[in-house]
Structures are given as structure tokens and as C-alpha cells.
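The values are calculated or read from the model by the stated rules, or taken from the named source; none is laboratory data. Worth saying up front: this structure is predicted, and the values here are computed from it rather than measured. Backbone-built Cβ (ideal geometry, glycine too); neighbour counts: all protein chains shown.
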Ligand SMILES: [Zn+2]
């Protein structure tokens, strides 16, 4: 298989800057004689390769309020490495899109792929968030914005051929790198026509890896939207792969994991471009194995390198046209808020902004990012709760039903629902919080649709009142969003002269049983 067969749509030679003079000199003066001394019958079997890897960027096209993370920093970091080392391999293991920025949402991820094109990625895999419920036509537009095909070997079309480019060869300095992409495999609860399961994905990966080696790859790298454990399983099926760039599980892997038996390396750089992974590898081209390595996660902050001004400019321009409301100031935040605090604020914002008596906002279901210290704008709230909080439900529930959900979920879910609009106190048994509500009275309750699904499940398992109207029919979709409710609620409190800390203290007091005793 030739390079052009592997890579039909791209002229990779145009994408590769030539290695610097110093790198060539280094190879000539240092690496070549060393290698010749080690193995006289073959020239330079050992070669150096520097790799930068990211995963689960999720539309983080700019730093957070506390100045950390985002693609402008990744670009600045890669540019600095290229100045130091000549060319470096830059790959991303997928979940490029969704939930990280209003601009990303409004442009359907195009802004993020466009920014990645400017970073100069050599391969980008497809995550489940990039793929699920996304029409193929949009993925093709993502490829256009990225300036290259997405890499994915385990999603097949009706003709049993991969829907995307499965593998490609790129030259990084003196090293021919074979790259194979994999998206999250089919498993129980995740099916899609043409999507292979983990074993079949592993066999496909092995096939592509062998073809890449035959086509001249010195080393094969899998860019793989699977957690580190699944990558270790894939390694057993495809021992030809020397390095797995993992994703999906948002693991902070500070040093490469060595897979027992195969010796392959598995790396992952958490999520949201808070870190980028940096690997310095020594590759044996005869065997395709990594013989020496150093790896770490590098924090994407402005201490060692500047964010890329071109990408910052691109994002600012896109905000002006696609999301001018993203930077509308809401409130100053004195310290990073916990998921529970965000849930409490969300519950109260939903309650007051929709005119309901009770609001619920379950942190584990809804909160996707922290609210860091700093100036919070609408985009901050979109990033924290926008995706899941886009769909809201209101319903009439009796006090007994609310209590059944509230205590049942604490018992089963090992988590306390966050709420606003009633007082609760700890009961003797197990210390569960019990709401102070009239059992037979009906209350208007509002919550994210995702949580409503849990309410229905909880009430069914608790043997809900058979005389009450069916739960499904009581639910009413609301034309509002959690991020919008938080923006409006907290902006109003700020205009009344309250700080975020004061708002939180007031909400806690309003639902605490001690206050209930003194007020009643
Ligand atoms: Zn994922």
C-alpha cells in the first residue's frame, strides 16, 4: 500500500514543514554515528519523535475565566515546541465538540475544527459527542474546517468500507509515522449501523497497522477515542501499535502507561485543553517499537508560553457574528464554585425565572464544568450547565411524590439532589434529608429534562400513587434554559447589590431546618 492509497484526499507533503537545519545536523552528527555504532549493518535505526496530544477538547476555544486552558494555549505550546525541535507530531483523540463554548454550539463545532487547523494537527479522531446524533453532512463540514479528513477506521458505510479515512502516513522530521483513528466502539447501550465493537475494532486496527508498516511506517500510533483500559485491550489485539493516544474518560494520566505483554504506551491528557500531553520518544524503525520515552502533561497556562493571538482573533471574530451574547457580564465570582453550589443556584434560578414553587438541579446530571473565580459571563454558565440544561420540564407533583424522589434518590444514587423552594432536615435513619412539605398538596416543580427522567424512575420504583395522573402526561416542556435562567437570576441579584457569596448564603439559609424552626 502506498502513501497515496492510504491518504487519498490529502497531499500530506504540503502539510509537513521540512525539519529544521539543526534537527538535520543533530541527526547527522549525533544520532547517525550512535546508531551505526550500535548496529553497523543498517543505518540509523533509532530516531527521535516528539508528540503533542490532546483529547476531549469539547469546544474549549478559549481560556476559562481564571485564564487556564483552551486551544490558543495549545497553539502557543505547539509553536514553541516547533521552534525548539523542528516538527512535532500533533494529534487529538476526539470529542472535539459540544458543551465547552457558546460559539462552538452556535457554529456547530466549526470554530473548533478551524482553530485546530491553525494549530496544525496531523490527525484528529472522532469522539462519541462528535458523532452521535450528528448528520454525516455536518461531519464533512467539520473535515473542511479542519483542512483534512477525520481519522476513523471502525465506522463502516453500507459498502463495508470505512466512512472516514482510516489511516494515514505522515513524515515528522526523519520519522515516517503511521496513524490510525478509532472512535468509541459499539457496546451495550451504544449501537450504530456500521460501528464495530471493541474486538472487531481491534482487528481492524491491527490490519491498518500492518498495512502502515508495510507502506514504510517507522512506528504506528493509534488515535483512539477510548479510555486507557480499553486501549490496553486493543493493544493485545493490535500489538503492532506502539502508542495509543487515549480519550473519552477524561483521565489525568501524568506519565505514560506501559501495557503488559505488548509494551505499548497509553497516554491521555484529561479534557478541555487544560493540559496537553508531551512525549519524547526514541523509536526503533526496524521493529517499530518505542525503545525510550519521556512523557508528561503540560498545563495550558500563560507561564511558559503565550496563547496564540491568531486563534484568539479568530474566536473573537466568531463571537461577534455567531454569539455576541456570550460575553454579556453576569456577576463577579470570588472563588471557584462546587457542583453542589452550582446545582443550588440552578434550582433557585429555575424556580424564580419560571414561576414554579420548587426547583431541582441534580449536579451529577447537569453540571459539566466548574464556575471558576473571576468575571462570569453568559458563556461561563453555558459551559457549566448549558448542554444538559437546554431542555427543561415543569410538572405538578404532590408533597409525598417529591419526598419519595428526594429521599429515594439520596438512598439509591448516593447523591443529594440540589433543590430550592422547601426546607429539609435530616432524619434519624441514615441521616437522609427529608423535605418539609404537605404530603397531599400539589406543588409546581421545575427541573432539567434529564432529571425528570430520574424522578419518573424513582417514583415508579417507589410504587407511585396509582390514583394520581400518569407522570408522563404531567410533564410540560418549558421554553427556557438553565443557563439563561442563571444569567437572568444572577444579573438581577447583582443589580440589587448582592454578591454571589451573599446569594448562596441566603439560599442555604432559606432551606435549612434551623431557620424553619425559628420561622414557624
Ligand atoms: Zn467521549
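Remarks
- Those residues of the range 133-143 which are surrounded by fewer than 14 Cβ atoms within 10 Å (Cβ to Cβ) and within 14 Å of the ligand (Cβ to nearest atom), in sequence order: 133
- Test: residue in the range 210-224 that is buried (at least 23 other Cβ atoms within 10 Å of the Cβ), part of a loop (DSSP other than H, G, I, E, B) and at pLDDT 95 or above: yes
- Verdict on residue 150 being more than 16 Å from the ligand (Cβ to nearest atom), touching a residue at least 24 places away in the same chain (Cβ under 8 Å) and under 16 Å from residue 194 (Cβ atoms): no
- Test: residue in the range 196-219 that is away from the ligand (no atom under 16 Å from the Cβ) and closer than 25 Å to residue 298 by Cα: yes
- Residue match in the range 262-283 (condition: farther than 20 Å from residue 60 by Cβ, touching a helix residue (DSSP H, G or I) at 6+ places or on another chain (Cβ under 7 Å) and in a loop (DSSP other than H, G, I, E, B)): yes
- On the stretch given as the range 226-270, residues that are within 16 Å of the ligand (Cβ to nearest atom) and on the phi > 0 side of the Ramachandran plot total 3.
- Among residues of the range 356-391, those that are within 26 Å of the chain's Cα centre (by Cα), more than 21 Å from residue 97 (Cβ to Cβ) and surrounded by 23 or more Cβ atoms within 10 Å (Cβ to Cβ), counted: 5
- Residue 112 vs. criteria within 16 Å of the ligand (Cβ to nearest atom), touching a helix residue (DSSP H, G or I) at 6+ places or on another chain (Cβ under 6 Å) and on the phi < 0 side of the Ramachandran plot: yes
- For the range 201-258, residues that are within 20 Å of residue 47 (Cα to Cα) and touching a residue at least 60 places away in the same chain (Cβ under 8 Å) total 13.
- Restricting the search to strands (runs of 3 or more DSSP E) fully inside the range 421-512 and requiring at least 2 residues that are under 26 Å from residue 329 (Cβ atoms) gives 442-448.
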